[in-house]
Amino acid sequence: EVIHLTQQQMTCLSVGNWALYASTCDQAMTSFETQITEHGESTTGKASVRGVDAHKRYFDSYAGQLSQIKDKPLVRLLGKVAVISYVRSMGGNKYHETKIWSLVDNEWKTVHSHLDHRPA
């Protein structure tokens, strides 16, 4: 289920469907991502972002790019928490990504996302 939801998030990013993407995230999710300027440009720094709404700037800057899991993801279930780690292809590059999912009101929600922007 977590693999399917992660792939669904990538499809949402590829087609720019923020509403569906956000529905799979905990409202207080955190992420560690490339800093995005107010004009949507990437910088060389990293930012720790809290809250799904704060994550939208990152989403908007990559929306419309084909994004998908490459190879077989590693999934670890730890009770009501799941960790998924994989190589992601996006914009012609491959990156390492890890997401932490948690059961929130009996639904899996992303609570943390980390995308290493150094190509794999």
Checked pairs for region 93-106, first at negative phi, second polar (S, T, N, Q) and open to solvent by less than 60 Å² (accessible area, probe 1.4 Å), C-beta under 7 Å and 6 or more apart or across chains, list as THR98/SER85; LYS99/THR6; LYS99/THR110; LYS99/SER113; TRP101/THR110
Residue count, region 49-60, condition open to solvent by less than 80 Å² (accessible area, probe 1.4 Å), modelled with pLDDT under 85 and not in a strand (DSSP E or B), comes to 3
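The rows are residues; the columns are (1) β-branched (Val, Ile, Thr); (2) open to solvent by 40 Å² or more (accessible area, probe 1.4 Å); (3) modelled with pLDDT under 80.
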position	(1), (2), (3)
LEU5	no, no, no
ALA19	no, yes, no
CYS25	no, no, no
MET29	no, no, no
GLN35	no, yes, yes
ALA47	no, no, yes
TYR62	no, no, no
Flagged in region 80-114 as open to solvent by less than 50 Å² (accessible area, probe 1.4 Å) and acidic (Asp, Glu), in numbering order, are GLU97
LYS72 meets each of (1) open to solvent by 40 Å² or more (accessible area, probe 1.4 Å); (2) modelled with pLDDT of 95 or more with one exception, condition (2)
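The values are calculated or read from the model by the stated rules, or taken from the named source; none is laboratory data. As the structure is a prediction and not an experimental result, all values here were calculated from the model. Here the Cβ is made from the backbone with ideal geometry for all residues, glycine too, and neighbour counts use every protein chain on show. Side chains are part of the model used for accessible areas, which takes the heavy atoms of the whole protein and leaves out ligands, DNA and RNA. Shrake-Rupley method; radii C 1.70, N 1.55, O 1.52, S 1.80 Å.
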